[in-house]
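Participant: Mind looking over this structure? Questions follow.
The values are calculated or read from the model by the stated rules, or taken from the named source; none is laboratory data. No experiment lies behind these values; they were computed from the predicted model shown. Because the Cβ atoms are built from the backbone with ideal geometry, glycine has one as well, and the counts that use them run over all protein chains shown. Side chains included, ligands, DNA and RNA excluded: accessible areas come from the protein's heavy atoms. Shrake-Rupley method; radii C 1.70, N 1.55, O 1.52, S 1.80 Å.
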There are 2 protein chains.
Amino acid sequence: MAVTMNDVARAAGVSLKTVSNVLNDYEFIRPATKQKVLDAIAELGYEANLTARSLRSGKTRMLGLVLSDLAAPYYAELASKLMKAASARGYRVLVEQSAARKDNELSALKGTFRQLTDGLLFTPLALNADDIAANSGRKPVVMLGEHIDDPRFDLVTMKNTEAASAVTAHLLSSGRRRVVILGAAHGDVGGSNGLRLTGYRGALAAAEADYDPALVVPCEWRRDAGAAAVGNLLDSDVKFDAIFGLNDAVALGALHELIIRGVKVPQDVALAGFDDIEEARFASPSLTTVAPGMDEIAERSVGLLIDRIEGAETSESAIHIEAGFELKVRESAPGKS
Amino acid sequence: MAVTMNDVARAAGVSLKTVSNVLNDYEFIRPATKQKVLDAIAELGYEANLTARSLRSGKTRMLGLVLSDLAAPYYAELASKLMKAASARGYRVLVEQSAARKDNELSALKGTFRQLTDGLLFTPLALNADDIAANSGRKPVVMLGEHIDDPRFDLVTMKNTEAASAVTAHLLSSGRRRVVILGAAHGDVGGSNGLRLTGYRGALAAAEADYDPALVVPCEWRRDAGAAAVGNLLDSDVKFDAIFGLNDAVALGALHELIIRGVKVPQDVALAGFDDIEEARFASPSLTTVAPGMDEIAERSVGLLIDRIEGAETSESAIHIEAGFELKVRESAPGKS
DNA sequence: CCTAACATCTACAACGTTATAGAATCATCC
DNA sequence: GGATGATTCTATAACGTTGTAGATGTTAGG
């Protein structure tokens, strides 16, 4: 049905392998021969069969992207950028949603999903480092985000602690003293929540403000969870004059609940988020947050993974990349006026 | 390296083809034989090589999804649901971003992307019906969204005209008379903008309100474009007391600009959107909008496409499915009080 | 001119699966 | 008990590409 290499070879009067050689830029081909083949390809409208190529070569030129939920704004924006970065290097991205469930993450790591891809961009939420080490096979895996910080794995992340510290310091600098941190639990150590909590505590200490565990409010990183958590907080007798949401979704959920309850932002409570999703810029009031250098993260994680796949990156030990960040001061938590 | 069918066959003491038959649920296999094979598979940890299977069978069990930008909230939510629906039927989804560019849409339609997928869920923005008909090949394509409404293609969409009419009627019913429609151009006919414009005009007529072309404001369906368009409108001498954004992003961009300019929503200007993305529920004020039955769209488009792929749907003529909708009345345009 | 070295091309096998066609086994019927 | 047909299994080819190894042509050096 479709035109194959064989058809091209016949049309060009050369062998099958010569066509293959032309397509793979083999060095020793006479210009005249090459032209004959290219002409035949153009004339017949030949396109290489990627499946056959994959079977023979063992490469799919696809990257796997495992994340919890593509509908979460941060992941949607990240996925879009990753796809563009991959596309620029001749790769596609196949996305798998894990719903942050251990079984799904495990099957993405070792199941048939793996076959379809040459390497993985992995955002583990349920698996721990040992699980991953035991199940990640021989193809390269680059960790994305911050939940796993282990010397065994390549990792592309951002300066979580420093950024969280900067946000907290910003809130404190405007005179706030009781800053709720929304989305972490007291005692968190690893993962982005732990790192960000550390940054928060560091900034408190630097400003000689007390750390009050009652202000550490755990919740899932979603709008609805943020709203519910703030609702509970308002119903309690905990006093606070600022909220630091550990991502923008949680902060925007909090914002919604504050406004519904008649709490003025930023007058009564200042609010900051984390991620700088586009929505943050258009919220009312617009959301003070941290831009995590998503372009850099996308660019470098794809670059590192492809280098590993193609053997360009031969460093034996894992590579850890930390993208820069930028504090975006907006209406929800302005600087001191 | 990896375990192959041959290894399984040897271990089970049967032929290669018998293993294949077991895996493909071939009817005539003795239970004892089947068990031997299954045992061998379990023991060796065999997993079928999907690439080889694809090459031989010509099926990839992947659906292609072509949309302009995965970072757009509506598409992100839709993609997430489509992936879940496909997964439930044993398919994966491979996403391609077109940036609404003709060349990208064309290459998604006829290029190598097509090889990797058994069928396409296609949201054409730049191509017209004839382009698509001429380039869509033999594998099934289901149109998604509303930009192409042509009897040649399968289509899953929603009741654009009726929904737009309902939104407009709702705005009018609260006493508004000068309703800006944001995101369509005067004279649009086809596509979702044209259909929604028709609904808008129908509702105006039903309420005996005048149609004023000055209130038809074209803009791209993005937050920033919506904000800019409303900014221009406020700077002009056009008077209005309501805005109907043709999608939520545009409406939320408009909302941001209105608030910045000190225009009270809904007191001065009522505002409604279209799509009911999650962000709409958490905006301040929360956004009145139309929920397009996204679950139904996802479910039915994937269902239809897979039925076409597997030959279950043999209808010669194209199938058009219209999902229902629901008006979500929220703070930005409450009912009459 | 012969030979070595290099450039250019080709035949054939291989990747791991499914499809085809037919062989072997078993039950059923008269 | 032999024929018939149904069931169960297998050998072999095929999908379209790349890898291996070697064949053929061409140039340069002596």
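Participant: Give the lysines whose C-alpha is closer than 24 Å to that of B:Lys59, dropping any in the same chain fewer than 8 places away, or say none.
Facilitator: Cross-link targets: A:Lys59, A:Lys110, B:Lys17, B:Lys81, B:Lys84, B:Lys110, B:Lys139.
Participant: Using only protein heavy atoms and a 1.4 Å probe, report how much of A:Tyr91 is accessible, in Å² to the nearest 10.
Facilitator: For A:Tyr91, solvent-accessible area is about 10 Å².
Participant: Find out how many positive minus negative residues lie around B:Asp248, taking Lys and Arg as positive, Asp and Glu as negative, among other residues whose Cβ is under 12 Å from that of B:Asp248.
Facilitator: Working: positive: B:Arg222, B:Arg223, B:Arg281, B:Lys328, B:Arg330; negative: A:Glu279, B:Glu77, B:Asp275, B:Asp276, B:Glu278, B:Glu279.
Charge balance near B:Asp248 sits at -1.
Participant: What quantity of accessible surface, computed with a 1.4 Å probe and excluding non-protein components, is buried in total between chains A and B, in Å² to the nearest 100? Present the calculation step by step, with values, prior to reporting the outcome.
Facilitator: Working: alone 16530 and 16510 Å², together 29130 Å².
Counting protein atoms only, the buried area is about 3900 Å².
Participant: In addition: Which residue, B:Phe28, B:Phe153, B:Phe274, has the most motion in a Gaussian network model of chain B that connects Cα atoms within less than 10 Å?
Facilitator: Judging by the Gaussian network model, the answer is B:Phe28.
Participant: Compare each residue of segment A:83-128 in its chain alone against the assembly with all protein chains, and report those whose accessible area goes down by 40 Å² or more; 1.4 Å probe, heavy atoms.
Facilitator: A:Met83, A:Arg92, A:Leu94, A:Gln97, A:Thr112, A:Gln115, A:Leu116
Participant: Note down the accessible area of B:Ser236, probe 1.4 Å, to the nearest 10 Å².
Facilitator: Here the accessible area works out near 50 Å².
Participant: Compute the distance in nm between two label points, each set 7 Å from the Cα along the Cα-to-Cβ direction, one at B:Ala318 and one at A:Arg177.
Facilitator: Those two pseudo-labels are separated by 6.8 nm.
Participant: Pull up the DSSP beta bridges for chain B and report the antiparallel fraction as a percent, rounded to 5. It would help to have the intermediate numbers written out before the result.
Facilitator: Values: 3 of 33 bridges.
So the antiparallel bridges amount to about 10 percent of the total.
Participant: Now, a different point. State, to one decimal in nm, how far the label point of B:Ser15 lies from the label point of A:His186, with both points 7 Å from Cα in the Cβ direction.
Facilitator: Spacing of the two 7 Å Cα→Cβ label points: 7.1 nm.
Participant: Still on this structure: Between A:Ala32 and B:Thr33, with labels modelled 7 Å along Cα→Cβ, what's the label distance in nm to one decimal, could you check?
Facilitator: About 5.8 nm separates the two model spin labels.
Participant: Continuing with the same structure: Take the alpha-carbon positions of segment B:22-141, form their convex hull, and give its projected area averaged over all directions (one quarter of the hull surface) in nm². List each step's numbers first, then the result.
Facilitator: Values: hull surface 38.1 nm².
Directional mean of the projected Cα hull area for segment B:22-141 stands at 9.5 nm².
Participant: Please report how far the C-alpha centroid of segment B:105-119 lies from that of segment B:152-213, rounded to the nearest whole angstrom.
Facilitator: One Cα centre to the other: 34 Å.
Participant: Around B:Ser284, what is the net charge, scoring Lys/Arg as +1 and Asp/Glu as -1 over all other residues with Cβ under 13 Å from its Cβ?
Facilitator: Values: positive: A:Arg223, A:Arg261, A:Lys264, B:Lys264, B:Arg281, B:Arg330; negative: A:Glu257, A:Glu279, A:Glu331, B:Glu279, B:Glu331.
Net charge around B:Ser284: +1.
Participant: Defining a contact as two alpha carbons under 8 Å apart and six or more residues distant in sequence, what relative contact order in percent does chain A show?
Facilitator: 15
Participant: Continuing with this model, one more query. Using just the helices of the protein assembly as shown, give the 222 nm mean residue ellipticity in deg cm²/dmol: DSSP H runs with n ≥ 4 each add -39,500 (n - 2.57), and the total is spread over all residues, rounded to 500. Walk me through the numbers on the way to the answer.
Facilitator: Details: 28 runs with 304 residues, N = 674.
One gets -13500 deg cm²/dmol as the mean residue ellipticity at 222 nm.
Participant: Might you tell me the accessible area per residue for chain A, computed with a 1.4 Å probe and given in Å²?
Facilitator: Values: 14580 Å² over 337 residues.
On a per-residue basis, 43 Å².
Participant: Considering only DSSP beta bridges with both partners in the protein assembly as shown, what is the antiparallel share in %, to the nearest 5? All intermediate terms of the calculation are to be shown ahead of the outcome.
Facilitator: Values: 6 of 66 bridges.
Antiparallel bridges: around 10 percent, rounded to the nearest 5.
Participant: Would you tell me which residue of chain B has the beta carbon closest to the rotation axis bringing chain B onto chain A, and how many whole Å away it is?
Facilitator: B:Ala76, 2
Participant: With the label 7 angstrom out along Cα to Cβ, how close does A:Arg152 come to the same site in each of the other copies, in nm, nearest first?
Facilitator: 5.5
Participant: Identify which of A:Ala225, A:Ala40, A:Ala209 has the largest mean-square fluctuation in a Gaussian network model of chain A, with springs joining Cα atoms closer than 10 Å.
Facilitator: Top of the fluctuation ranking is A:Ala40.
Participant: Answer rounded, prolate or oblate for the protein assembly as shown, using the Cα gyration tensor with square roots of eigenvalues a ≥ b ≥ c: rounded when a/c is under 1.5, else prolate when a/b is larger than b/c, else oblate.
Facilitator: Details: a/c = 1.99, a/b = 1.31, b/c = 1.52.
Oblate is the answer for the protein assembly as shown, as a/c is 1.5 or above yet b/c matches or exceeds a/b.
Participant: Carbon and sulfur: what percent of the protein assembly as shown's accessible surface (1.4 Å probe)? Could you put the intermediate results ahead of the total?
Facilitator: On the way: 14450 of 29130 Å².
So the carbon and sulfur contribution to the accessible surface is 50 percent.
Participant: If you put a point 7 Å past Cα along the Cβ direction, how far is that point for B:Gly190 from the same point in each other copy, in nm, smallest first?
Facilitator: 5.5
Participant: Filter the GluC sites (Glu not before Pro) in segment A:1-106 down to the DSSP loop ones having no more than 11 other Cβ atoms within 10 Å, then list what survives. Mind showing how you got there, number by number?
Facilitator: Numbers: sites: A:Glu27, A:Glu43, A:Glu47, A:Glu77, A:Glu96, A:Glu105; in loops: A:Glu27, A:Glu47.
Sparse-neighbourhood loop GluC sites (Glu not before Pro): A:Glu27.
Participant: Roughly speaking, what is the centre-to-centre gap between segment B:251-303 and segment A:11-60 when only Cα atoms are used, to the nearest Å?
Facilitator: Using only Cα atoms, the two centres lie 52 Å from each other.
Participant: Can you tell me which of B:199-205, B:127-133, A:70-76 comes out highest on packing, and rank the rest after it, using the mean Cβ neighbours within 10 Å?
Facilitator: Values: B:199-205: 19.9, B:127-133: 16.1, A:70-76: 23.9.
Most protected by this proxy first, the peptides run A:70-76, B:199-205, B:127-133.
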